[in-house]
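Below is one structure, written out as structure tokens, with a few remarks after it.
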Amino acid sequence: MAESSGTKKCDVSGCSKDAERSISVKQVKGSALSLRPECTRSAHLCKDHYREFKKETKKDRKLEQLGY
């Protein structure tokens with residue numbers, strides 16, 4: 001969802017804040033966040049939703065880092 005100024009908006013349904021991070025849609029699908037249907041490859045998340053995503057996936061990322 002690009003604006004004329006080039007800034008992206010958060011791709012989470014119901015959010016209209018400016019996006020700060022971009023991550024793959026596959027990673028976001030593993031969390032409780034619901035994305036807009038037009039997201040195909042990467043999802044743009046605002047600061048609040050990125051923080052929520054990081055908290056939800058903390059355990060999975062730690063296990064992945066350990067090699068499980």
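The values are calculated or read from the model by the stated rules, or taken from the named source; none is laboratory data. Only a predicted model underlies this, so the values are computations on that prediction, with no experimental measurement involved. For neighbour counting, all protein chains shown are included, and Cβ atoms are generated from backbone atoms with ideal geometry for every residue, glycine included. When the accessible area is computed, the model is the full protein with side chains, heavy atoms only, and any ligands, DNA or RNA have been set aside. Shrake-Rupley method; radii C 1.70, N 1.55, O 1.52, S 1.80 Å.
Selection of segment 56-68 for residues being on the phi < 0 side of the Ramachandran plot and either at pLDDT 95 or above or part of a loop (DSSP other than H, G, I, E, B) (or both) yields T57, Y68. So, of the residues in segment 1-50 that are in a loop (DSSP other than H, G, I, E, B) and among the aliphatic types (A, V, I, L, M), which turns out to be most open to solvent (accessible area, probe 1.4 Å)? Looking at the filtered set, the residue picked out is M1. When segment 14-33 is filtered for residues that are touching a strand residue (DSSP E or B) at 6+ places or on another chain (Cβ under 7 Å), in contact (Cβ under 8 Å) with a residue 12 or more places away in the chain and of a type in the set (S, T, N, Q), the ones remaining, listed by number, are S22, S24.
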